[in-house]
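Asker: Following this message is one structure expressed as structure tokens.
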Amino acid sequence: MNFSELFELSGLLGRFSPDGKCLASCVQHRLVVRDVSSLQVCQLYTCLDKIQYIEWSSDSLFILCAMYKRGIVQVWSLEQPDWHCKIDEGSAGLVASCWSPDGRHILNTTEFHCSLSLCQLRITVWSLCTKSVSYIKYPKACQQGVVFTKDGRYMAVAERRDCKDFISIFVCSNWQLLRHFDTETQDLFGIEWAPNGCVLAAWDSCLEYKLLLYSLDGRLLSSYRAYEWPLGIKSVAWSPSSQFLAIGSFDEKVRILNHVTWKKITEFEHPATIASKKTIVYKEVEKSPSVETERLSFPPTKALASSLFSTQSKYEISQVPVSLQYIKPVADRANPKVGVGMLAFSADNCFLATKNDSIPNAVWVWDIRRLKLLVVLEQLCPIQGFQWDPRQPRLALCTGTSRVFLWSPAGCVAVQVPGEGDFQIVSLSWHSSGDSMVLLSKDNCCVCYLEREEVK
């Protein structure tokens, strides 16, 4: 691997453009756009306040910058740097902003107070082409309440009115309502389209285990409930082929539903002890370098000294049984760190990566073809995030250290990011080509380049 120099960053706001040609990053109120091939600054924009969110348009021609505290969204053009757009929501509080799939409309979710001092939400659809405005009433404040089909034709919105949950489906070409139906949920928590756009999954809050599957015309195809009384669903993920739906639960299990009958085909447990000899456990171990400075024929630079004398790490294969570090959740606190909170399918549908929040230092990789546990990666520090390569079955993860970790069916590797200072990687994102990643820390970012023989 090769690494770029560190660039200043704020708010973990670093994003590759969809076409892969540019990298946008934020430093307080400034938006910096770099050419990916050279990392030279090609555009620099100044916003009215500290940027809290950025998003590229689907065609990579515009960038949206949201400043929630000011209730303002600014839009910048890469083709016409002198052009810009400002949307001021005024007294209505701005809580979310996103692009429509066509890259020419912006959806702002705002909250305002009615006469009874109850907070209501409203989605405003702003057109950059015609400057027209449309409104969508009663969107629900939930984790994932506005979702688009992958082809960009339809939008589903979770709604709450008269103490009941509803879902509305809109046609994105003209924002006309296609379907409106109520859901059999107590407190709708999230919705997610299957990648093929044919099925919409909706699930209840953690207080009730219920997952519902709807067709595009609003018909209830199936409902699933694994158990009744304990805390329920924590995370949901579709496979890229739309054949499987993975449900992560507070009982530390992942259940896989199939797309034919919508029944459970298997469930994956996350025990603290790995006993099967068919599972490979890779354990990260630290190894301090032994370098005698007196024998160096030159005084090393600060950057070189940092890479020479910093503690290195590598993976070793542990002999089973292996006991993983298990943290017992505090029972009397809200949002207990228990259950499967992260899960993601590989791009080829062959693998599923999961994390059990009670075992924060481990990532589990499951073989979907054989429906069994393949690998466990045991890290020295808690997992901050992981993401699959969009081109091949290769998983990248970070643990809040200056190291990035990669796993593929061929094995795994830990790589130290060279340079001065303490670069603690807390988030990462793949380039669409799969040959590079942007690594993000609280105050900096850098680009990691994978050599061609590694990419093949």
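The values are calculated or read from the model by the stated rules, or taken from the named source; none is laboratory data. Please read these numbers as outputs of a predicted model, since none were measured by experiment. Don't worry about glycine lacking a Cβ; one is built from the backbone with ideal geometry, like all the others, and counts go over all protein chains shown. Just so you know, the surface numbers come from the protein's heavy atoms only, side chains and all, with ligands and any DNA or RNA stripped out. Shrake-Rupley method; radii C 1.70, N 1.55, O 1.52, S 1.80 Å.
Asker: Whole number please: convex hull volume per residue of the Cα set in segment 322-361, in Å³?
Answerer: Here the figure is 73 Å³ per residue.
Asker: For the chain, with every protein chain kept in place, what is the accessible area per residue (1.4 Å probe, Å²)? Kindly include the intermediate steps, with their values, before the conclusion.
Answerer: Values: 21850 Å² over 456 residues.
Per residue, the chain has 48 Å² of solvent-accessible surface.
Asker: Let me ask something else about it. Set the Förster radius R0 to 56 Å, insert the Cβ-Cβ distance between residue 443 and residue 370 as r into 1/(1 + (r/R0)^6), and round the FRET efficiency to 0.05. Don't jump to the answer; show the numbers that get you there.
Answerer: Working: r = 43 Å, r/R0 = 0.77.
Efficiency at R0 = 56 Å is approximately 0.85.
Asker: Output the peptides 144-152, 362-370, 262-270 sorted from most to least packed, where packing is the average of other Cβ atoms within 10 Å over each peptide's residues. Please list the in-between numbers first.
Answerer: Values: 144-152: 16.8, 362-370: 19.1, 262-270: 15.0.
In decreasing order of mean packing, 144-152, 362-370, 262-270 become 362-370, 144-152, 262-270.
Asker: While we're looking at this one, here's another question. Set the Förster distance to 22 Å, then compute FRET efficiency between residue 151 and residue 221 from the Cβ-Cβ distance, nearest 0.05.
Answerer: Efficiency at R0 = 22 Å is approximately 0.65.
Asker: Still on this structure, please answer the following. For the pair residue 164 and residue 5, how long in nm is the line joining their label points, each one 7 Å along Cα→Cβ?
Answerer: 6.2
Asker: Rounded to two decimals, what is Rg over Rh for segment 333-455 when you use alpha-carbon atoms and the Kirkwood radius? Walk me through the intermediate numbers first.
Answerer: Details: Rg = 14.5 Å, Rh = 15.0 Å.
That ratio is 0.96, to two decimals.
Asker: What is the packing order of peptides 183-192, 252-261, 125-134, taking the mean over residues of other C-beta atoms within 10 Å and listing the highest first? Could the numbers behind the result be given before it?
Answerer: Numbers: 183-192: 19.4, 252-261: 17.0, 125-134: 13.4.
Going from most to least packed, we get 183-192, 252-261, 125-134.
Asker: Classify segment 1-137 as rounded, prolate or oblate from the Cα gyration tensor: take a ≥ b ≥ c as the square roots of its eigenvalues, call it rounded if a/c is under 1.5, otherwise prolate when a/b beats b/c and oblate if not. Present the calculation step by step, with values, prior to reporting the outcome.
Answerer: Details: a/c = 2.42, a/b = 1.78, b/c = 1.36.
Prolate, since a/c reaches 1.5 and a/b exceeds b/c.
Asker: Hey, another quick one. Rounded, prolate or oblate: which fits segment 92-192, taking a ≥ b ≥ c as square roots of the Cα gyration tensor eigenvalues, rounded meaning a/c under 1.5, else prolate when a/b beats b/c? Each step should come with its number before you reach the end.
Answerer: Details: a/c = 1.94, a/b = 1.22, b/c = 1.59.
Here segment 92-192 falls in the oblate category.
Asker: Which of the three applies to segment 171-216, rounded, prolate or oblate, going by the alpha-carbon gyration tensor with a ≥ b ≥ c and a/c under 1.5 meaning rounded? It would help to have the intermediate numbers written out before the result.
Answerer: Numbers: a/c = 2.60, a/b = 1.80, b/c = 1.45.
Prolate is the answer for segment 171-216, as a/c is 1.5 or above and a/b outweighs b/c.
Asker: Pairs of Cα atoms under 8 Å, at least six residues apart: use those to get the relative contact order of segment 1-113, whole percent. Spell out each step's value before the answer.
Answerer: Values: 232 pairs, mean separation 17.8, N = 113.
After rounding, I find 16 percent.
Asker: Let me ask something else about it. What FRET efficiency comes out for residue 186 versus residue 91 if R0 is 35 angstrom and r is the Cβ-Cβ distance? Round to the nearest 0.05. Kindly include the intermediate steps, with their values, before the conclusion.
Answerer: On the way: r = 33 Å, r/R0 = 0.93.
Efficiency, from the Cβ-Cβ distance: 0.60.
Asker: Note down the net charge around residue 167, summing +1 for each Lys or Arg and -1 for each Asp or Glu among other residues with Cβ under 9 Å from its Cβ. Let's see the in-between values first.
Answerer: Details: positive: 179; negative: 159, 165, 182.
With Lys, Arg at +1 and Asp, Glu at -1, the neighbours total -2.
Asker: Ok, one more. Give me the number: length gained by fully extending residue 84 to residue 111, i.e. 0.36 nm times residue separation minus the C-alpha to C-alpha distance, one decimal in nm. Could the numbers behind the result be given before it?
Answerer: Numbers: separation 27, 0.36 × 27 = 9.72 nm, distance 2.51 nm.
Using 0.36 nm per residue and subtracting the Cα-Cα distance, I get 7.2 nm.
Asker: Among 430-440, 219-229, how do they line up from the highest to the lowest mean number of other beta-carbon atoms within 10 Å? Don't skip to the answer; put the middle values down first.
Answerer: Numbers: 430-440: 20.1, 219-229: 12.9.
Final packing ranking: 430-440, 219-229.
Asker: Relative contact order (percent) for the chain, with alpha-carbon contacts under 8 angstrom and 6 or more residues of separation?
Answerer: It rounds to 10 percent for the chain.
Asker: Could you give me the radius of gyration and the Dmax of the chain, taking only the C-alpha atoms into account and expressing both in angstrom?
Answerer: 23.5, 78
Asker: Here's something else I'd like to know. Please give the calculated 222 nm ellipticity per residue for the chain, where each DSSP H segment of at least 4 residues contributes -39500 (n - 2.57) and the sum is spread over every residue; nearest 500 deg cm²/dmol? Show your work: numbers first, answer last.
Answerer: Details: 2 runs with 12 residues, N = 456.
-500 deg cm²/dmol, from helical runs alone.
Asker: At 0.36 nm per residue, and after removing the present C-alpha to C-alpha distance, how many nm does the segment from residue 132 to residue 29 gain when stretched out fully?
Answerer: Taking 0.36 nm per residue and subtracting the Cα distance, the gain is 34.3 nm.
Asker: Under the 0.36 nm per residue contour assumption, what length would be gained going from the current alpha-carbon distance of residue 49 and residue 288 to full extension?
Answerer: Working: separation 239, 0.36 × 239 = 86.04 nm, distance 4.42 nm.
The span from residue 49 to residue 288 would gain 81.6 nm if fully extended.
Asker: A follow-up question, please. For segment 217-293, what log10 I(q)/I(0) values come out of the Debye formula at q = 0.20 1/Å, with one point per alpha carbon and no solvent?
Answerer: -1.03
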